[in-house]
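What follows is one structure encoded as structure tokens, with my remarks underneath.
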């Protein structure tokens, strides 16, 4: 899974109907040291009630689809947790 | 999912017959700031009636196949939405 | 799917027996402007009768396996079309 | 599979309920020469009782999900072994 | 599939029990011109009796799992052939 930060929303009126009712969030991947990868933001479906600015856990690939319980839904990134804390002991920070 | 822009079409007379009737679009991935990744354009099947120049939502991997409802179709990128708007609050733009 | 060019063949006498009878082609991924990514050529199974030098459509991942109709075949890249033409309108070329 | 080193933990109180009881570890990918890729740490579920600082074997994608025996669990990286030793003969070190 | 070279072995006493009896090889991906990508070696299960120093065909993702005939085995890279020869005609070498 990826650690990411939600930075915005995407709106699409014309879309596959199985996406109706799902929130499409723009997420940036976490980089070591606390920064985020700006270059390639991606879109993830939220299942947890996460909001803009929150640090989240994102699952990718077929696991992102099966967790939604609809086998034919066109989803490959799903937000499955809101991260409270990241613990890295000092000896592993360098 | 990826945010992309449709920049062209690919034509293939000799192809796997399950691809007949599907439009094959060339898509560039969105990069932060509004640019697009020119280097590696990819091919996606359109399911939504999107046209050249439109910004679209593209799903990848096995989810791109199952949304088409044909289990053996050789597809790994599918256009599943036309993006109307991207909202990124100012405090997350920098 | 990826646009690629076939540049050669790979021969393997000792291999998983489900690969017998399949042609293993070396493919380079297309880069914008007409060049090809030389650095990491990959191997794809041909299903369409494509030859060296031809520009082809390659599907990846589990979709490359299921199109072959043998569920346990160890294949993750399959050539599923020969590309006749790529159309990119001038306004999307820059 | 990837060789990685566990460098920390992630805590998420609000998460998909199928993740309850699973330890979420932060892992860095091994780079040749003994270093680790700091830039993009990822999150993996531990199934083996591994601890911070240990070198582990991580499986990715749908294989990371099916090994857990719960088909709908949102996991795409799973720690499946603790590495005791890496043997690379001298003639393959350069 | 990827062309790779086996450069070593990984030993793990504590591991998922479905991995017992499988040899875990360290593989480097082939780069054009005959070199190998040193930076990110990966681990693959051998099914073909390949040895250190041999050039092999490696399948990735879910296809690497299903070829083993055990649906829940945590494997995402499998060696499925030993490469005898790579043929690239001179006009495609530049």
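The values are calculated or read from the model by the stated rules, or taken from the named source; none is laboratory data. Source: prediction; values computed, not measured. Reconstructed Cβ throughout: ideal geometry from the backbone, glycine too, with neighbour counts over all protein chains shown.
When you check residue A:76 against the structure, is it touching a strand residue (DSSP E or B) at 6+ places or on another chain (Cβ under 9 Å) and buried (at least 23 other Cβ atoms within 10 Å of the Cβ), yes or no?
The answer is yes for residue A:76.
With the range D:26-94 as the region, which strands (runs of 3 or more DSSP E) entirely inside it contain at least 3 residues that are in contact (Cβ under 8 Å) with a residue 24 or more places away in the chain and more than 7 Å from every other protein chain (Cβ to nearest Cβ)?
Here the list reads D:36-46, D:55-60.
For the range A:11-19, does any single residue satisfy the condition of being more than 7 Å from every other protein chain (Cβ to nearest Cβ), surrounded by fewer than 21 Cβ atoms within 10 Å (Cβ to Cβ), out of contact with any strand residue (DSSP E or B) (no Cβ under 8 Å at 6 or more places or on another chain) and not in a loop (DSSP other than H, G, I, E, B)?
yes
Regarding the range C:37-48, can at least one residue be identified that is at pLDDT 95 or above and over 28 Å from residue E:54 (Cα atoms)?
yes
With respect to residue B:51, is the statement that it is farther than 26 Å from residue C:39 by Cβ and modelled with pLDDT under 95 true?
It is false that residue B:51 is farther than 26 Å from residue C:39 by Cβ and modelled with pLDDT under 95.
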